[in-house]
Every structure is written in structure tokens, then in C-alpha cells.
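The values are calculated or read from the model by the stated rules, or taken from the named source; none is laboratory data. None of the values given here were measured: they were computed from a predicted structure. Quick reminder, even Gly has a Cβ in these numbers, built from the backbone with ideal geometry, and neighbours come from all protein chains shown. Calculation scope for accessible area: heavy atoms of the full protein, side chains included, ligands and nucleic acids excluded. Shrake-Rupley method; radii C 1.70, N 1.55, O 1.52, S 1.80 Å.
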Amino acid sequence: RYIEDCLNDLQRYEVARVCSNEAANAVVGHYRQAAEDAGVELTTMAEVADGLAVRDVDLAVVLGNLLENALRAAADAPEGSRFVRLGMVSSGKMLAITVDNGFAGTLRQEGGTYLSTKDGHEGIGLASVASVAARYGGAVELSHDSGVFRASVMLVCGE
């Protein structure tokens with residue numbers, strides 16, 4: 001679904017390049033337009049080497065879920081806190097992805113696990129991100145404070 005939405009956006013808008021990975025550019029481009037439409041400031045910083053061994057679909061799952069959650073939360077945040085900051089940095093075979101966003105202060109947690117605040121949703125997005133991270137020998141760290149939610153994902157991209 002993310003890739004289809006992103007490809008549709010590619011046909012309507014010029015997608016800014018944030019890195020050399022076209023799947024990442026498409027996903028970020030889709031959410032950049034969605035952020036603009038929602039009045040949310042989306043900033044990106046990417047320093048990603050060519051040739052990291054991450055499947056496009058896995059990168060789309062991670063970026064799509066993190067940006068979808070961040071954008072929804074930031075759109076409901078108070079004026080002045082409607083932001084999403086995406087960072088992607090690679091070093092050697094490691095890829096770090098961070099997404100910070102403003103939010104209205106309402107979260108659901110159970111046993112230290114963040115749960116979806118969307119009506120009728122089970123919260124499988126973050127579980128999908130964690131599954132991808134585990135497949136790449138990486139990890140996910142989630143935290144929040146003072147109206148800012150932080151998601152960090154580390155992937156080991158290669159043997």
C-alpha cells in the first residue's frame with residue numbers, strides 16, 4: 001500500500017531526493033506532501049552510502065510506518081509543535097533511522113509497549129518496524145518526553 005501510494009505521488013509531484021535509495025525517496029516524498037497538506041513541518045537529514053543491503057520493501061515498511069505515525073501525531077499537536085524530523089545515517093554496514101515528532105501529549109502504553117491511539121487499530125505498524133529491525137540484526141528504541149515522541153531504528157545492512 002505504501003509503495004502504491006508513493007508511486008501515485010511520483011506521478012503527481014516532483015519527489016525530492018533525500019538519499020540514493022529510490023524507495024526511500026518515494027516514501028519520504030509521499031509524506032512530505034502529506035505533511036504540507038496537514039500543516040506539519042517535515043525536515044529531513046540523510047547521509048546514506050550507496051549500496052546498503054536493505055530490501056526496498058523493508059525500508060518502505062520502516063519509513064512508511066514511522067512517518068505515518070509521526071505525521072498523524074504531529075497534525076494533532078498544539079500550534080508550534082507540529083513538526084516531524086527524519087534522520088538517516090549510514091556508517092559501514094549500519095543504517096540508523098530516527099523520527100522525532102511533536103504530539104498532543106496523549107499516548108497509550110501497556111507494559112512499556114506503545115499502543116496505537118487510532119480508533120480500531122491494533123498497532124501493528126510499530127510491530128512491523130520491530131520485525132524488520134530484528135530481521136536485520138538491529139533494534140528499535142521508542143521514547144517520549146515534553147511533547148516529543150522519538151523513534152530510533154538501527155539496521156545491520158550486510159554480513
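Here residue 39 passes the criteria (1) at pLDDT 80 or above; (2) more than 13 Å from the chain's Cα centre (by Cα); (3) under 23 Å from residue 129 (Cα atoms); (4) not β-branched (Val, Ile, Thr) except the one numbered (3). Could you grab me the full set of residues in region 123-159 that are over 16 Å from residue 71 (Cβ atoms), part of a helix (DSSP H, G or I) and either of a type in the set (D, E, K, R) or touching a Leu at 6+ places or on another chain (Cβ under 8 Å) (or both)? Within region 123-159, 132, 133, 135 qualify.
If you go through region 45-52 one residue at a time, do you hit one that is touching a strand residue (DSSP E or B) at 6+ places or on another chain (Cβ under 9 Å) and at pLDDT 90 or above? Taking every residue of region 45-52 in turn, at least one turns out to be touching a strand residue (DSSP E or B) at 6+ places or on another chain (Cβ under 9 Å) and at pLDDT 90 or above. Residue count for region 79-98 under the criterion of being outside any loop (DSSP other than H, G, I, E, B) and open to solvent by less than 40 Å² (accessible area, probe 1.4 Å): the result is 9. With respect to residue 68, determine if the residue is at pLDDT below 90 and either at negative phi or in contact with an Asp or Glu (Cβ under 9 Å, 6 or more places away or on another chain) (or both). No; evaluated as a whole, the condition is false for this residue.
Are any residues in region 18-49 hydroxyl-bearing (Ser, Thr, Tyr), surrounded by fewer than 21 Cβ atoms within 10 Å (Cβ to Cβ) and more than 20 Å from residue 94 (Cα to Cα), and if so, which ones? So that I can check it myself, show each step before the final result.
Applying the first criterion (hydroxyl-bearing (Ser, Thr, Tyr)) to region 18-49 yields 20, 31, 43-44.
With the extra rule that they be surrounded by fewer than 21 Cβ atoms within 10 Å (Cβ to Cβ), the set shrinks to 20, 43-44.
43 - this is the single residue of region 18-49 that is hydroxyl-bearing (Ser, Thr, Tyr), surrounded by fewer than 21 Cβ atoms within 10 Å (Cβ to Cβ) and more than 20 Å from residue 94 (Cα to Cα).
Restricting region 50-75 to residues that are in contact with a Ser or Thr (Cβ under 8 Å, 6 or more places away or on another chain) and free of Cβ contacts under 8 Å to residues at least 40 places away in the same chain, the residue that is least open to solvent (accessible area, probe 1.4 Å) is 74. Would you call residue 1 under 20 Å from residue 130 (Cβ atoms), open to solvent by 20 Å² or more (accessible area, probe 1.4 Å) and at pLDDT below 90? Here the answer is yes, as residue 1 does meet what is asked.
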